[in-house]
Amino acid sequence: MTASLYIHIPFCVKKCAYCDFESYPGIISDADGYITRVLGEALDARKEFGITGVSTVYIGGGTPSLLKPEQLKRLAGGLFELFPPIKDAEISMEANPGTLNEPLLRAALDAGINRLSIGVQSADDRLLKKIGRIHSFEDARRSVMLAHDVGFGNISCDLMYGLPGQTLSQLEDSIFLTTQLEHVHISCYSLILEENTPLNQDAAAGRLVLPDEDTVCEMQKRAIRQLEGFGFKRYEISNYAVPGYECRHNTVYWTGGDYLGLGCAAHSFINGDRFSNPYYNEYMSGKQHVNRYTVKAAGRLEETLMLETRLTRGVSLNDIALRFGENVKNKLTASAGQLKDLVEIKDGFLKLTEEGFMLHNAVVYKLIEATE
Ligand code: SF4
């Protein structure tokens with residue numbers, strides 16, 4: 001079978017103030033041992049799941065660009081021997097400005113990596129500092145240009161909005177300056193305050209002020225218009241691409257495809273089963289593939305509605321009828337009629353409107369309710 005592969009690299013220089021991902025500063029010296037552990041897990045997984053080829057790969061984190069060139073080559077070389085990428089496979093790596101350098105970029109290209117996702121986040125250095133990023137916009141600009149000059153033609157930039165004290169015009173400046181860089185994809189996310197993060201504690205104590213809900217909605221609306229004006233078409237709630245450069249790996253998640261997650265805290269969905277890996281210490285002691293369960297039909301329908309409606313193209317009603325029955329398709333069609341302004345049916349696809357996307361979870365719960 002063909003599947004997608006995610007590899008989690010949990011090392012960072014410093015923890016960003018909003019981050020609750022599985023990532024740790026100060027343990028990069030463990031990287032060789034970690035790579036050995038991931039390759040061991042990959043060998044077990046190859047025996048267990050019969051994956052013969054991979055169509056997309058995503059090396060994420062954390063900060064994969066903190067690895068040394070020889071470490072990246074050992075990781076990618078070992079993985080692709082076990083799971084050969086199919087022809088034209090999309091192979092992405094996340095990178096943090098301030099950690100990218102030419103030898104690493106060349107090693108990435110040699111290893112077969114053909115797409116980079118670079119965390120720019122903002123073009124405003126004061127905002128970058130407030131959220132604890134380790135780089136300036138100039139570092140980000142140089143990283144993107146260097147990656148492009150080394151030979152990467154498929155580069156994505158991450159941007160955030162709803163940052164502490166951020167104004168609409170600061171966001172517009174960030175979008176403008178970022179779109180001037182050599183890249184073909186933008187992920188533009190709203191800041192989410194996660195529990196137990198310094199940013200959340202500062203907000204709760206009144207030490208910083210976040211833009212209110214209306215301003216954040218307006219930021220999203222303006223981002224859509226501005227990015228579309230620069231040729232980045234919105235294809236998912238938070239993702240925009242020059243047509244043809246939509247992220248194929250993430251699309252696998254949104255459309256219910258099979259993927260194997262390797263490394264600490266990585267999640268997998270294979271042959272109808274979901275499972276995950278434990279956090280770093282337990283993972284390094286040999287534990288893997290825990291919390292395993294088979295997704296039942298009702299769960300599959302809920303997941304399909306929750307994930308596939310994130311795409312602007314929506315979910316195919318014919319697919320729904322084939323997978324879950326004509327009856328479910330009819331109920332969804334009726335519900336779409338009641339949720340007008342939020343949901344529409346076009347060319348056989350049920351999709352959320354721009355207003356609907358603003359209320360994505362609430363709208364999807366209404367759709368799920370209608371199918372019960
Ligand atoms: S670089 Fe990414 S993973 Fe690392 S601390 Fe910052 S947000 Fe978290």
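Which members of region 50-67 meet the condition of being over 21 Å from Asn250 (Cβ atoms) and surrounded by 15 or more Cβ atoms within 10 Å (Cβ to Cβ)? First the steps, then the outcome.
Within region 50-67, the subset over 21 Å from Asn250 (Cβ atoms) is 50, 52, 66-67.
Leu66, Leu67, listed by residue number.
Residues in region 117-162 that are over 18 Å from the mean Cα position of the chain (by Cα) and of a type in the set (A, V, I, L, M): Ala123, Leu127, Leu128, Ile131, Ile134, Ala140, Val144, Met145, Leu146, Ala147, Val150.
Identify, from the list Gly337, Gly314, the residue that is within 17 Å of Tyr235 (Cα to Cα) and of a type in the set (Gly, Ala, Ser).
Details: Gly337 fails: within 17 Å of Tyr235 (Cα to Cα).
Residue meeting the stated conditions: Gly314.
Evaluated against (1) touching a His at 6+ places or on another chain (Cβ under 7 Å); (2) surrounded by 19 or more Cβ atoms within 10 Å (Cβ to Cβ); (3) of a type in the set (D, E, K, R), Lys130 falls short on exactly one condition, (1).
Residues are listed down the side, and each one gets a yes or a no for (1) touching a residue at least 24 places away in the same chain (Cβ under 8 Å); (2) touching a His at 6+ places or on another chain (Cβ under 8 Å); (3) among the hydrophobic types (A, V, I, L, M, F, W, C); (4) outside the structural domain of Glu372 (by TED's automatic domain parsing):
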| position | (1), (2), (3), (4) |
| --- | --- |
| Ile270 | yes, no, yes, yes |
| Tyr279 | yes, no, no, yes |
| Met284 | yes, no, yes, yes |
| Asn291 | no, no, no, yes |
| Thr304 | yes, no, no, no |
| Arg310 | yes, yes, no, no |
| Ala321 | no, no, yes, no |
| Phe324 | yes, no, yes, no |
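Taking the options Leu227, Leu146, name whichever one is of a type in the set (A, V, I, L, M) and surrounded by fewer than 18 Cβ atoms within 10 Å (Cβ to Cβ).
Values: Leu227 fails: surrounded by fewer than 18 Cβ atoms within 10 Å (Cβ to Cβ).
So the residue among Leu227, Leu146 that is of a type in the set (A, V, I, L, M) and surrounded by fewer than 18 Cβ atoms within 10 Å (Cβ to Cβ) is Leu146.
Note on region 1-45: residues that are touching a residue at least 12 places away in the same chain (Cβ under 8 Å) and of a type in the set (S, T, N, Q) amount to 3. When region 1-19 is examined, which residues are found to be within 16 Å of the ligand (Cβ to nearest atom), among the hydroxyl-bearing types (Ser, Thr, Tyr) and in contact with a strand residue (DSSP E or B) (Cβ under 6 Å, 6 or more places away or on another chain)? Residue satisfying the conditions is Tyr6 alone. A single entry from Ile113, Ile118 fulfils the requirement of being closer than 28 Å to Gly77 by Cα and either within 16 Å of the ligand (Cβ to nearest atom) or touching a residue at least 60 places away in the same chain (Cβ under 8 Å) (or both): Ile118. For region 84-94, the count of residues that are within 13 Å of the ligand (Cβ to nearest atom) and either closer than 30 Å to Leu181 by Cβ or in the same structural domain as Leu191 (by TED's automatic domain parsing) (or both) is nonzero.
For region 20-41, name all the residues that are within 16 Å of the ligand (Cβ to nearest atom) and either out of contact with any strand residue (DSSP E or B) (no Cβ under 8 Å at 6 or more places or on another chain) or closer than 21 Å to Glu70 by Cβ (or both).
Of the residues in region 20-41, the ones within 16 Å of the ligand (Cβ to nearest atom) are 20-28, 30-31, 34.
Listed by number, the residues that qualify are Asp20, Gly26, Ile27, Ile28, Asp30, Ala31, Tyr34.
In region 176-185, which residues are surrounded by fewer than 23 Cβ atoms within 10 Å (Cβ to Cβ) and part of a helix (DSSP H, G or I)? Before you say what the answer is, go through the steps one by one.
Within region 176-185, the first condition is being surrounded by fewer than 23 Cβ atoms within 10 Å (Cβ to Cβ), and the residues that meet it are 176-177, 179-182, 184-185.
Scanning region 176-185 gives Phe176, Leu177, Thr179.
The residue list Tyr18, Tyr24 contains one member that is of a type outside the set (Lys, Arg), within 23 Å of Glu194 (Cβ to Cβ) and surrounded by fewer than 17 Cβ atoms within 10 Å (Cβ to Cβ), which is Tyr24.
Given the condition buried (at least 17 other Cβ atoms within 10 Å of the Cβ) and more than 23 Å from Gly112 (Cβ to Cβ), answer yes or no: does some residue in region 3-12 qualify?
Residues of region 3-12 buried (at least 17 other Cβ atoms within 10 Å of the Cβ): 3-12.
In the following step, the residues that additionally are more than 23 Å from Gly112 (Cβ to Cβ) were identified as 12.
Within region 3-12 (the criterion being buried (at least 17 other Cβ atoms within 10 Å of the Cβ) and more than 23 Å from Gly112 (Cβ to Cβ)), the answer is yes, since at least one residue qualifies.
The values are calculated or read from the model by the stated rules, or taken from the named source; none is laboratory data. Values in this document were obtained by computation on a predicted structure and should not be read as measured data. Every residue, glycine among them, receives a Cβ derived from its backbone with ideal geometry; neighbour counts consider all protein chains shown.
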